[in-house]
Amino acid sequence: MDTTASALEPYATCRTISNVPAEAVRHVWEAKDGTSVLLRAIKPDDFEIERDFVNGLSRSTGYKRLMSGRRPTFDEMHRWTHIDPQREGAVITVVLIDGRKRQVGVARYAMEPGKHDVAECAIVISDAWQGRGLGSQLLSSLIKLARQSGLKRLYGTTLAENGAMVRLAQRLGFRVSYDPHSTFLWALSLELTSQE
Ligand SMILES: CC(C)(COP(=O)(O)OP(=O)(O)OC[C@H]1O[C@@H](n2cnc3c(N)ncnc32)[C@H](O)[C@@H]1OP(=O)(O)O)[C@@H](O)C(=O)NCCC(=O)NCCS
C-alpha cells in the first residue's frame, strides 16, 4: 500500500506565520494497526471534515476540550478552519475510511490580542483514536510548527482530572502546575527557545 502523504491526499500549498511552509509539519504516521495517518496544517476547505469530526466527539471528550458541555457553533467551526496564519496555527490528522477522508484529531494554537510570541494551545483526538499514540504525534507536530514560526512559549489549561492530557503534556516537556485561579485546573507551559 502506498502510505506517502500524497497518496492520502494531494498536496495543496498553505502557509503559516512567518511564511513557514505547511510542508514543515506534513508527514504520515503509521499507527500500530497499520493505519496511515496524515498530519498536516489545516486549510479552509477542511470545514466539512472538521464539522463532522467535532459533531462526532462524545460529550465527555467535548467537555474535556472546551471545559463546557456546550456544542460548538457553525461560526466557531468556520473560524477554526479559516485561521489567521499570522496569529494561529493548526495541525489536523486525516485517515481514509472506505475511501473517504476523515479527520481524527486537531491541535491548534492562537496568540492572544497584544501578544506576538506566545500562544495558547489545545488538542483533541476522536474517541476511537485516543490512547493510541496519536496525541503525542499531533502535539509534537504543533510544537514543531510553533517553534518554526518563531513562537517563544506555548501554554494551556486542562482539567486536573484529565490524566491523559497531563501525561501527554509532561511527556513533551510542558511544565505542569496548579492553576492559581482554580483548584480543578492545571496550567501547562512549554518554553520554545531551545532547539529540538
Ligand atoms: C488528551 C488527548 C489529546 C491525549 O491524546 P491521546 O492520543 O489519547 O494520547 P497518547 O495515546 O498519545 O498518549 C499520551 C500519553 O498519555 C498517556 N495516556 C493516554 N491515555 C491516558 C489516560 N486515560 N490516563 C492516563 N494517561 C494516559 C499515554 O500512556 C501516554 O503516555 P506515555 O507516552 O508516557 O506512555 C486525548 O486523549 C483527547 O483528545 N482527550 C479529550 C480532549 C482533551 O482532553 N483535550 C485536552 C484539553 S487541554
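Please compute the contact order of the chain in relative form: average sequence separation of alpha-carbon pairs under 8 Å and at least six residues apart, divided by the residue count, as a percent.
Relative CO of the chain lands at 18 percent.
Just report the Cα centroid separation between segment 138-154 and segment 38-67, whole Å.
20
Please turn the phi angles of segment 41-46 into ³J(HN,Hα) values with the Karplus equation 6.51 cos²θ - 1.76 cosθ + 1.60 (θ = phi - 60°), one per residue in order, whole Hz, x for glycine and proline.
Whole-Hz 3J(HN,Hα) from phi for segment 41-46: 5, 6, 10, x, 7, 7.
Check Ser126: other-chain or 5+ apart residues with amide H under 5 Å from its amide H, H built from backbone geometry?
Under 5 Å from the amide H of Ser126: Gly105.
Taking 8 Å as the Cα distance limit and 6 or more residues as the minimum spacing, I'd like the relative contact order of segment 136-196 as a percentage.
38
Under 16 Å Cα-Cα from Lys144, which lysines qualify once same-chain neighbours fewer than 8 residues away are excluded?
Lys152
Every number here is computed from the coordinates shown, using simple stated rules; none is lab data. Owing to the predicted nature of the structure, the values given are computational and were not obtained by experimental measurement.
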